[in-house]
Amino acid sequence: MNEHQTLDLRSPWVISIHELVRRPGELKEFRREIPAPAGVSVELVGVLEGSPIDVDLRLESVSEGVLATGTLSAEFVGECSRCLGAVREDRDFDLQELYYYPGHDAEEDALFVVDEHIDLDPPMRDAIVLELPFSPLCREDCLGLCPVCGFNLNDDPDHDHGEQIDPRWAGLQSFQSEDASEKS
Ligand SMILES: [Zn+2]
Ligand SMILES: [Zn+2]
C-alpha cells in the first residue's frame, strides 16, 4: 500500500475520523458491530463471512496520524484437527495500527489516513488471522479418531479392536518377549 491508496467508502470497515484529523490529543471511542468480510480464515478455521465482529477501539489523534488500539471479538468456526468434528469458539483479538497522514515517510506496508477516513479491514485481518489456531481442537482433550477404523474416540474412549499386532512388527514382538523371559 502507499499513501495514494483509495478507500472503498462502501465498505463498513472504512470509517470516518473527521473529528480527529490534525488535532493531536483528541480521542474517540469507536464501538460497532461490523459483518466479517470473506477470507478471514486459515486452513481449518475462520470467521464466517457476514457474521458479526464486535469492534471496540480507541482512536487517538497523534502528531503523525491516527492511532487505533483495542479489541475485536469474533466467533470462528471450523474443523477439529484431531477428530474432524465441529470447532466453534469466541475469542478476543488485539488490534493496534497507526494510520499516517499522507506525505509521512512510512514503511512499505504502512496504512494512511485517506480523505479523513481509515480502513480497519487490513489490521482486522492481521489481528484475527495471525491468532487463529492452525491445529484447532473441538475441545482441549479431544481423543481424535481410531487409527485402525476411524471411529471417533470421543464417542467411546474404551473403543478398541482387541490385541492387534501389525504383521510388520510381529517378529520384533516375539523377539522382545523372548528377551523378557530370559531376564526373568
Ligand atoms: Zn476433536
Ligand atoms: Zn477402531
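Any read-out appearing in this document is the output of simple, stated calculations on the displayed coordinates, not a laboratory observation. Predicted, not measured: the structure shown is a model, and the values here were computed from it. Quick reminder, even Gly has a Cβ in these numbers, built from the backbone with ideal geometry, and neighbours come from all protein chains shown.
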**Report entry** Unit Cα scatterers, Debye sum, region 1-93: log10 I(q)/I(0) for q = 0.17 Å⁻¹
**Finding:** -0.86
Report summary line: The helix 167-183 Cα axis meets the longest alpha-carbon principal axis of the chain at an angle in degrees, between 0 and 90 and rounded to 10, of 60 degrees
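How much of the pair distance distribution for region 1-40 lies past 10 Å, counting alpha-carbon pairs only, in percent?
Considering region 1-40, 79 percent of its Cα-Cα pairs are separated by more than 10 Å.
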Query - Hull-based mean projected area of the chain, where the convex hull spans the alpha carbons, in square nanometres - result: 17.3 nm²
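Only sites in a loop by DSSP and with at most 10 other Cβ atoms within 10 Å count here; which trypsin sites (Lys or Arg not before Pro) in region 1-81 make the cut? Each step should come with its number before you reach the end.
Details: sites: ARG10, ARG22, LYS28, ARG31, ARG32, ARG58; in loops: ARG10, ARG22.
When the trypsin sites (Lys or Arg not before Pro) of region 1-81 are filtered for loop state and at most 10 Cβ neighbours within 10 Å, ARG10 remain.
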Requested in this report: Over the chain, calculate the relative contact order: mean separation of alpha carbon pairs under 8 Å at least 6 apart, over the residue count, as a percent.
Outcome: 21 percent
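Let's test the formula: R0 of 41 Å, r as the Cβ-Cβ distance of THR69 and ASP160. What FRET efficiency results, to the nearest 0.05? Let's see the in-between values first.
Values: r = 52 Å, r/R0 = 1.28.
Once the sixth-power term is evaluated, E becomes 0.20.
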**Report entry** ARG23 versus ASP109: modelled label distance in nm, points set 7 Å from Cα along the beta carbon direction
**Finding:** 3.3 nm
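Once you mark the GluC sites (Glu not before Pro) that are in a DSSP loop and have at most 11 other Cβ atoms within 10 Å, what is the longest gap between them in the chain?
Values: sites that count: GLU107, GLU108, GLU140, GLU163.
It works out to 1-106.
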